[in-house]
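The next block holds one structure in the form of structure tokens; read it before the comments.
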Amino acid sequence: MNMKRLNRIIGSSLIAGLFLNSCAKHEVLNYSVEKPESIIAQEDIDAYSPLISYIDKKAHPNFKWGVALNMDDYLNKGVMFRLANRNFEEMVMGYEMKHASIVQADGNLNLSKLERLIKAAQENNMQLYGHTLTWHSGQNAAYLNSLIAPVLLPPGSAPVPGGINVPSLSGYALKMTNPSVANAWEAQTAFDPKGLEDNTEYILKITVRGSKAGNIGLDLQETVTYTGDSFGSIAFTTDYKEYELKVKTTALRTRLIINFGQFAGTVFVDNISLKKAGSNVELIPDGDFEKDITGWIGWGNSSTRSQSAVGEGYGGPGGIRVEKTPEEKKTILTEALETFIAGMFSVSKDYVKAWDVVNEPMSDWPDQYALKTGIGKTELAEDEFYWQDYLGKDYAVKAIQLARKYGNPNDILFINDYGLEGGGDKCKGLIAYVNYVESKGAKVDGIGTQMHINSTANKDQIVNMYKLLAATGKMIKVSELDIGLGDNIKTANATAEMYQQQAEMYQFVIEKYFEIIPKAQQYGITLWSPLDSPDRENSFWRRGEPIGIWTESFVRKPAYQAVAEALQKQK
């Protein structure tokens, strides 16, 4: 490539100054410098037109070129709003159409912001894709758990069929309150059991609930060096649950520690017991807290410890704790799911014509033909709730049936998952689950493959995934595409060579989609992160990674050029 020239002429004010200070004849000085290759390369990229202009809509009339956005970025009509409208034809919300953002603490649905989004999309001829109706994350788990929590009847109530009369259940508990989130150890409660031994296994039993879902950690600790052995952590909900934990000491320990600094709220602890394995000797006397909380101390982060009010303990004072049956829980949660789906369609069905009805159903390990589950997990996030653990394998069947009931007859309904391009069985597992759902009479129109990958991804595996998906006959969508530079490589460490490899992978993914997926099955491709991810605390997605086709400051990258060329090639 010939180097372009930058010509400069010395300004007239400078010439005038020289003239006044010299009798010599002045003349205009011309000079030129070579433009750096990096500037030339960027000018080439900037010369490309908006991405949507490269798609031949006559050849691909149904193909959707999409982008994921934050709702406020679109509603505020700033730079992201203009970027989206100029380069894309469909958008999807990363969070704001999910259960936790819509369902309030009392179960009511706040749909006003979604209505504003739909209006803004209509005004700008931007299609809106629905994401997502049924997922295990992004859920108002506190509300859902409250629906299926046991019912506590007052003392003296007649026995109830299915109820469990447990007169030994306590009326009081140890109440721990932490005002704000901190490090786990910055709010602690402790008890010093007598006679702990080195190299010995201990069994801890504890019953816990919280003012909301959360986690606490438990350790046996040495009080001088603050070293210890951890029982691990437990994830609790707003309903009391009994836990059993084990640890083997590696040195002499003198204190049981409860770490609750990362939980902002109130934790109730009851019926706590610590025994050496194989022994009946109780090392924590009065662990039901019916007398008081003598011996329990604590500190940190303005946290407090006290004996709870009567009736706040596990089961209340001699009351009857009525546990809901699995069928009752299934019925209650099916109604809750229907309320959510019906509400979403009540404001969106006139404009939103395609949905991720079920998101990320398949297990990662060890059986990728199985559904994900929360059963056995020691820690659940605050927004984590597994519908399939209560509605069973047919939870996707019910979700799709409800979407058909409240949506439009010709809506395109997807099941979507990540990691399908991996070398395992997850893609085959998802296809098998789609077949199962359809065997139950619920039609699945499409399969979404997220493709959060790196430039080092295995291309043969990507091709194999496309072939498997194409063979289903379903509409296929690359639903959340973003491409990093490698294993957690940050923007600060990126090189020009890495950016070129990223561009090549973007081009490969798009070209192979058009090449392998039959035209009738091509729903579209959505970029999940159009910009590089910022390296700051509130950046929750691939923090600090240069995954976009624009930089954080909206400068086009080599990947932009590669994407444009990949789209342009399709005829």
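At a 10 Å Cβ-Cβ cut-off, how would you order L420, L144, fewest neighbours first?
L144, L420
Given a cut-off of 24 Å, name the pairs among K426/K557; K57/K459; K428/K474; K377/K443; K519/K569; K58/K512 whose C-alpha atoms lie farther apart than that in the structure shown.
Table pairs above 24 Å Cα-Cα are K426/K557; K57/K459; K377/K443.
Can you compute 3J(HN,Hα) from phi for each residue in region 276-282, using the Karplus curve 6.51 cos²θ - 1.76 cosθ + 1.60 with θ = phi - 60°, rounded to whole Hz and x for Gly and Pro?
5, 4, x, 10, 9, 7, 7
Show me the trypsin sites (Lys or Arg not before Pro) within region 237-317 that DSSP assigns to loop and that have at most 11 other Cβ atoms within 10 Å of their Cβ. Write out the running numbers ahead of the final one.
Details: sites: K241, K246, K248, R253, R255, K275, K276, K291, R305; in loops: R253, K291.
The qualifying sites are K291.
Of (1) 26.2; (2) 29.8; (3) 27.7, which one was derived for Kirkwood radius over Cα pairs in Å from the structure shown?
After the calculation, the listed value that fits is (3).
Just to verify a number: FRET efficiency for A47 and E335, C-beta to C-beta distance, R0 = 60 Å, to 0.05?
Efficiency at R0 = 60 Å is approximately 0.60.
Taking the number of other C-beta atoms within 10 Å as the exposure measure, put S529, S49, S455 in order starting with the fewest. Write out the running numbers ahead of the final one.
Numbers: S529 23, S49 11, S455 20.
Ordered from fewest to most neighbouring Cβ atoms within 10 Å, S529, S49, S455 come out as S49, S455, S529.
Which whole-number percent is the relative contact order of the chain (Cα, under 8 Å, 6+ apart)?
After rounding, I find 16 percent.
Can you give me the Cα centroid spacing of region 272-300 and region 372-416 in angstrom?
Going from one Cα centre to the other spans 41 Å.
Work from the charge dipole of the chain (Cβ charges, +1 for Lys and Arg, -1 for Asp and Glu, about the Cα centre) and give the residue of G343, G484, L245 farthest towards its positive end.
Positive-end residue among those listed: G343.
Under a plain spin-label model, where a point goes 7 Å from the Cα along Cα-to-Cβ, how far apart in nm are S230 and D487?
Placing both labels 7 Å beyond Cα along the Cβ direction yields 2.2 nm.
To the nearest 20 debye, what is the magnitude of the charge dipole of region 210-253 about its Cα centre, counting +1 on the Cβ of each Lys and Arg and -1 on the Cβ of each Asp and Glu?
For region 210-253, the charge dipole is close to 40 debye.
Estimate the FRET efficiency between D73 and W299 by the formula 1/(1 + (r/R0)^6), using the beta-carbon distance for r and 35 Å for R0, to the nearest 0.05.
Details: r = 43 Å, r/R0 = 1.22.
E between D73 and W299, to the nearest 0.05, is 0.25.
Treating only the Cβ of Lys, Arg, Asp and Glu as charged (+1, +1, -1, -1), what charge dipole size does region 498-548 show about its Cα centre? Round to the nearest 20 debye.
Magnitude of the dipole: close to 160 debye.
What is the calculated FRET efficiency for A149 to N199, with r their C-beta to C-beta distance and R₀ = 56 Å, to the nearest 0.05? Write down the numbers at each step before the final one.
On the way: r = 41 Å, r/R0 = 0.73.
The pair A149/N199 has a calculated efficiency of 0.85.
E323 versus N280, label points 7 Å from Cα toward the beta carbon: distance in nm?
2.5 nm
Which of the GluC sites (Glu not before Pro) found in region 182-255 are in a DSSP loop and have at most 11 neighbouring Cβ atoms, other than their own, within 10 Å? Present the calculation step by step, with values, prior to reporting the outcome.
On the way: sites: E186, E197, E201, E222, E242, E244; in loops: E197, E222.
Sites meeting the loop and neighbour criteria: E197.
Compute the length gained on full extension between D239 and Y351: take 0.36 nm times their separation in residues and subtract their Cα-Cα distance, giving the result in nm to one decimal.
Result: 36.3 nm gained on full extension.
Taking every DSSP beta bridge with both residues inside the chain, roughly what % is antiparallel (nearest 5)?
Bridges in the chain that DSSP calls antiparallel: roughly 60 percent.
What is the angle, in °, between the Cα long axis of helix 326-348 and the longest principal axis of the Cα atoms in the chain? Nearest 10 is fine, range 0 to 90.
30 degrees
Values in this text are rule-based calculations from the coordinates and carry no lab data. Bear in mind that the values here come from a model prediction, so they are computed numbers and not experimental data. Backbone-built Cβ (ideal geometry, glycine too); neighbour counts: all protein chains shown.
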